[in-house]
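Below is one structure, written out as structure tokens; the observations come after it.
The values are calculated or read from the model by the stated rules, or taken from the named source; none is laboratory data. Everything numeric in this text was worked out from a predicted model, so none of it was measured. In this analysis, Cβ positions are derived from the backbone assuming ideal geometry, glycine residues included, and neighbour counts consider all displayed protein chains. Each accessible area value is taken on the protein alone, full model and side chains, heavy atoms only, with ligands, DNA and RNA left out. Shrake-Rupley method; radii C 1.70, N 1.55, O 1.52, S 1.80 Å.
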Amino acid sequence: MKYLSIAVSLLLLCACSMPLLALAQQESAPDRPPARAMEGLPPGAAHAPGLPPFLHGIELSEAQQDKIFAATYAQAPLLRDQEKIAFKAHEQLRALAASSAYDDAQASALANTAAQAMAKISLQHARLEQQLLAVLTPIQRQQAQQQRDSRPGPRRPQ
């Protein structure tokens with residue numbers, strides 16, 4: 001149970017820290033011009049809120065930007081609800097584990113609730129990615145794949 005709680009906490013921490021990481025990477029490279037999240041943004045708009053990292057640097061039309069914005073923000077209420085459910089289940093699980101009235105069945109139910117919420121979050125992320133890829137042209141999809149392939153981090157086995 002403790003490992004599940006740690007894993008979920010790390011996932012939430014990673015999701016929340018992605019914008020900060022992107023900002024830090026932009027500021028750590030002063031020898032090149034600042035990266036713009038979306039080409040076609042007005043000159044002063046350095047970042048497009050809600051733009052997934054795999055779309056950074058891809059030139060999008062205004063219609064594509066609008067569709068991406070709508071899809072990204074349409075999922076926010078569902079994600080927020082599921083994050084609240086997972087957080088509350090983890091809080092209750094930690095409280096139960098620390099109490100003298102520990103009940104394994106109740107702990108199992110709380111862990112399952114948290115896991116189901118995290119599964120719904122993962123599924124929603126996959127659906128959103130598919131929706132966003134459908135907005136792109138074949139060339140833009142190829143650019144997005146190249147972005148993914150060039151990102152540092154753990155690689156999946158081929």
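Do we find that Leu51 is at pLDDT 90 or above, open to solvent by less than 70 Å² (accessible area, probe 1.4 Å) and either under 20 Å from Gln131 (Cβ atoms) or in a helix (DSSP H, G or I) (or both) in this structure? The answer is no for Leu51.
Selection of segment 120-137 for residues being open to solvent by less than 60 Å² (accessible area, probe 1.4 Å), within 18 Å of Phe69 (Cβ to Cβ) and assigned to a helix (DSSP H, G or I) yields Gln124, Leu128, Leu132, Leu133, Val135. Could you list, in sequence order, the residues of segment 125-134 that are farther than 16 Å from Pro53 by Cβ and of a type in the set (A, V, I, L, M)? Residue satisfying the conditions is Ala134 alone.
If the condition is being assigned to a loop (DSSP other than H, G, I, E, B) and either aliphatic (A, V, I, L, M) or at pLDDT 95 or above (or both), then segment 54-66 contributes Ile58, Leu60. Does Ala144 fit the bill of being open to solvent by less than 70 Å² (accessible area, probe 1.4 Å), over 25 Å from Asp66 (Cα atoms) and among the aliphatic types (A, V, I, L, M)? No.
Yes/no per residue for (1) open to solvent by less than 70 Å² (accessible area, probe 1.4 Å); (2) touching a strand residue (DSSP E or B) at 6+ places or on another chain (Cβ under 6 Å); (3) in a helix (DSSP H, G or I); (4) modelled with pLDDT of 90 or more:
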residue	(1), (2), (3), (4)
Ile68	yes, no, yes, yes
Ala71	yes, no, yes, yes
Ala86	yes, no, yes, yes
Glu91	no, no, yes, yes
Ser100	no, no, no, yes
Gln106	no, no, yes, yes
Met118	yes, no, yes, yes
Ile139	no, no, yes, yes
